[in-house]
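Undergrad: Dropping the structure in here first, questions after.
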Amino acid sequence: MINITLPDGSVKQFEKNSTAMDVAKNISEGLARNVLSAQFNGSTIETKTPLKEDGSLTLYTWNDLEGKKAFWHSSAHILAQSILFFYPNAKLTIGPAIENGFYYDVDFEEESISEADFKKIEDKMLEFARQKFEFEMRSVSKADALSYYRTNNNVFKVELIENLEDGDITFCDHSDFTDLCRGGHIPNTGFIKAAKILSVAGAYWRGDEKNKQLTRVYGITFPKQKELTEYLALLEEAKKRDHRKLGKELELFAFSNKVGQGLPLWLPKGAALRERLENFLKKAQKKAGYEMVITPHIGQKELYVTSGHYAKYGADSFQPIHTPKDEEEFLLKPMNCPHHCEIYNNKPYSYKDLPKRFAEFGTVYRYEQSGELHGLTRVRGFTQDDAHIFCTPEQLIQEFQEVINLVLYVFNSLGFENFTAQISLRDPNNKEKYIGSDENWEKAERAIIEATKEQGMETVIEYGEAAFYGPKLDFMVKDVLGRSWQLGTIQVDYNLPERFDLTYKGADNQLHRPVMIHRAPFGSMERFIAILIEHTGGNFPLWLMPEQAIILPISEKYQNYSEKVLNLLENYEIRALVDNRNEKVGRKIRDAEMSKIPFMLIIGENEANEGTVSVRKHGEGDLGTFSVEQFAKIVQDEIDKTLKQF
């Protein structure tokens, strides 16, 4: 007999070699019908993998992220099987599950795939799914695995296998289809009831532009047709909210091939919106004791070698800038933190001087692959709302909690209410990805866990998601379409203070090492604004809107009164403009609605005679007639609802 510990802490006894499915059936037949995948002692297993020892078991259904991951990973196999049915000479490479669905990178050689081919592939996927093929894992020797794919002339799989250890190689079979695979499947293909090919795109093998370009086929599947229908409706709404489309319509930002890919140009309205966001955070930061600093856009290569960024990001950075001086090299700044360490090093500090909180809206540069660029969400030059807190170990918990409060204030003021706080720790099985000692990592990880616990926050822990120099608290925010975005991050770092030899004099008159907190509530201004555009559909909170009101005179006779109203609104610090085009008022209203201006002030004979404005609200219609003072109060009350004092 073996002891199986379930997530609720209960322990049940089963015969040795029982499976996860046996455990599910023991709990309830309903669970057994719905279980998709399982995890045993921290490792993903098949639902029919024999359990040979005591351990902890977690069962996953469609309602769990791990369940969806297994569902979509299995679906990628069926997509690949269907592609080979129609394109038998195609070469498969990799096909992982992603946040929504899956993809498979395929070398179609001389053939190609287009949207016209999607329907036949979807139909074939469902035909295979209905046959309820079971997924069978089997171990394969390295020699046999290489032989199989060399026989099939698949150089991509051969390259993958050559980097694997003999004894760790497994294939997955279902029906007459075989694929190199580590595992993690649903019990059989029959769970898949709806399938959709979403798009195709180019993708370089292993993300390297020097390698062959493949075709990436994106797809998604569901256990019910109704769920696919709802998802496709969300996709249509997402297209309407696409920040690239709205950014152009609202004249917020643009890109120029002459300037360069991934380097956004902020237009006047976008620059004003961005400035308001910056001022909003600067005001809160000032109250929280931050000091603003400014650092250069470049730094000597040695600076980033010291910090460790060159070793980690050098390949993804712009090439070094060589000066006329021999062997002198500069880099475009990939991170602000090394510069802030040098600001701290500018003078000696006592424990009485700490914490020091340095903040900067610092622009950084990373050479993202052209295929990875996407509007404002993935760019090559972006501005971080960066700050670094240097504190004593005794101050760490309180400082971390105060940063949490600042992040929550930002979210509340901008309408991001649905989020998960994720504690991102290092991968215990792959420590070479990180810098610093085990002792420092353990202290940093304990500090984050303790700080969030004292704060009473609900958190989830993700291993392998830490920054290379320290663990972090990431805020995973859901937008109105239910999509999850990583916004806002707080990191604890014991390592950079060591690498830069940062010190302070303690009460014992000895030198001590400060702890460093990295934090960025917005993350990057570009990405944050992109997400904000899509979350709000361009209907930003009133305090943030480029124009809060537009004055619409019904004829040129009321131009003078319109200008008078504009001046009065300026006294109330309301951003407004006059539409004095020679157009009918109906056309002006439609245009104002399209521009998402929150309030329209319509002015005719009655308003001009009575000193009032007729107010219409975007998306709602007429509110009535008010004095300018009354309208100003309506605006201020709405702003006060969302923009609380920090």
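The values are calculated or read from the model by the stated rules, or taken from the named source; none is laboratory data. This structure is a prediction, so every number in the text was calculated from the model and none was measured. Glycine gets a Cβ as well: all are built from the backbone with ideal geometry, and neighbour counts include every protein chain shown.
Undergrad: Need the failing condition index for GLU162 against (1) over 22 Å from ALA97 (Cα atoms); (2) surrounded by 17 or more Cβ atoms within 10 Å (Cβ to Cβ); (3) of a type in the set (D, E, K, R), just the number.
TA: Going through the list (1) over 22 Å from ALA97 (Cα atoms); (2) surrounded by 17 or more Cβ atoms within 10 Å (Cβ to Cβ); (3) of a type in the set (D, E, K, R), GLU162 breaks only (2).
Undergrad: With GLY184, GLY202, GLY190, GLY247 as the choices, which residue is in contact with a helix residue (DSSP H, G or I) (Cβ under 9 Å, 6 or more places away or on another chain) and part of a strand (DSSP E or B)?
TA: Just a single option satisfies the conditions, and that option is GLY202.
Undergrad: If you go through segment 150-175 one residue at a time, how many are touching a residue at least 60 places away in the same chain (Cβ under 8 Å), of a type outside the set (S, T, N, Q) and within 24 Å of SER74 (Cβ to Cβ)?
TA: Residues meeting the conditions: 5.
Undergrad: Can you tell me how many residues within segment 331-355 are surrounded by 13 or more Cβ atoms within 10 Å (Cβ to Cβ), modelled with pLDDT of 95 or more and over 16 Å from GLN491 (Cα atoms)?
TA: Residues flagged as surrounded by 13 or more Cβ atoms within 10 Å (Cβ to Cβ), modelled with pLDDT of 95 or more and over 16 Å from GLN491 (Cα atoms) within segment 331-355 amount to 8.
Undergrad: Take the residues in segment 41-61 that are crowded, with 19+ Cβ neighbours inside 10 Å and closer than 17 Å to GLY9 by Cα; name whichever of them is nearest to the chain's Cα centre (by Cα).
TA: TYR60
Undergrad: Filtering segment 255-293 down to residues that are in a helix (DSSP H, G or I) and of a type in the set (A, V, I, L, M), which residue is surrounded by the fewest Cβ atoms within 10 Å (Cβ to Cβ)?
TA: The selected residue is ALA271.
Undergrad: Now, a different point. Looking for whichever is surrounded by fewer than 20 Cβ atoms within 10 Å (Cβ to Cβ), in contact with a Phe, Trp or Tyr (Cβ under 9 Å, 6 or more places away or on another chain) and more than 30 Å from GLY9 (Cβ to Cβ) here; the options are ILE98, ILE83, ILE78. Which one fits?
TA: ILE98
Undergrad: Moving on to the next point. Filtering segment 420-478 down to residues that are basic (Lys, Arg) and outside any strand (DSSP E or B), which residue is nearest to TYR304 (Cα to Cα)?
TA: For segment 420-478, the residue satisfying everything is LYS433.
Undergrad: Continuing with this model, one more query. Filter segment 418-447 for residues that are under 25 Å from ALA284 (Cα atoms) and touching a Phe, Trp or Tyr at 6+ places or on another chain (Cβ under 7 Å); which is surrounded by the most Cβ atoms within 10 Å (Cβ to Cβ)?
TA: The qualifying residue surrounded by the most Cβ atoms within 10 Å (Cβ to Cβ) is ALA447.
Undergrad: Within segment 80-94, restricting attention to residues that are touching a residue at least 40 places away in the same chain (Cβ under 8 Å) and not in a helix (DSSP H, G or I), which residue is farthest from PHE171 (Cα to Cα)?
TA: My answer is LYS91.
Undergrad: State all residues of segment 101-123 that are surrounded by 16 or more Cβ atoms within 10 Å (Cβ to Cβ) and either aromatic (Phe, Trp, Tyr) or modelled with pLDDT under 95 (or both); if no residue qualifies, say none.
TA: PHE102, TYR103, TYR104, PHE108, ILE113, PHE118
Undergrad: Go through (1) among the acidic types (Asp, Glu); (2) more than 20 Å from PRO187 (Cβ to Cβ); (3) under 24 Å from the mean Cα position of the chain (by Cα) and name the single condition GLU66 misses.
TA: (2)
Undergrad: A follow-up question, please. Which members of segment 571-604 meet the condition of being of a type in the set (Asp, Glu) and either surrounded by 12 or more Cβ atoms within 10 Å (Cβ to Cβ) or part of a strand (DSSP E or B) (or both)?
TA: Across segment 571-604, the qualifying residues are ASP579, GLU583, ASP591, GLU593.
Undergrad: Return the residues of segment 479-501 that are assigned to a strand (DSSP E or B), surrounded by fewer than 20 Cβ atoms within 10 Å (Cβ to Cβ) and of a type in the set (Gly, Ala, Ser); say none if nothing qualifies.
TA: SER484
Undergrad: Given the conditions (1) over 23 Å from the mean Cα position of the chain (by Cα); (2) outside the structural domain of GLU360 (by TED's automatic domain parsing); (3) touching a residue at least 60 places away in the same chain (Cβ under 8 Å), report the number of the one that LEU267 does not fulfil.
TA: Single failed check for LEU267: (3).
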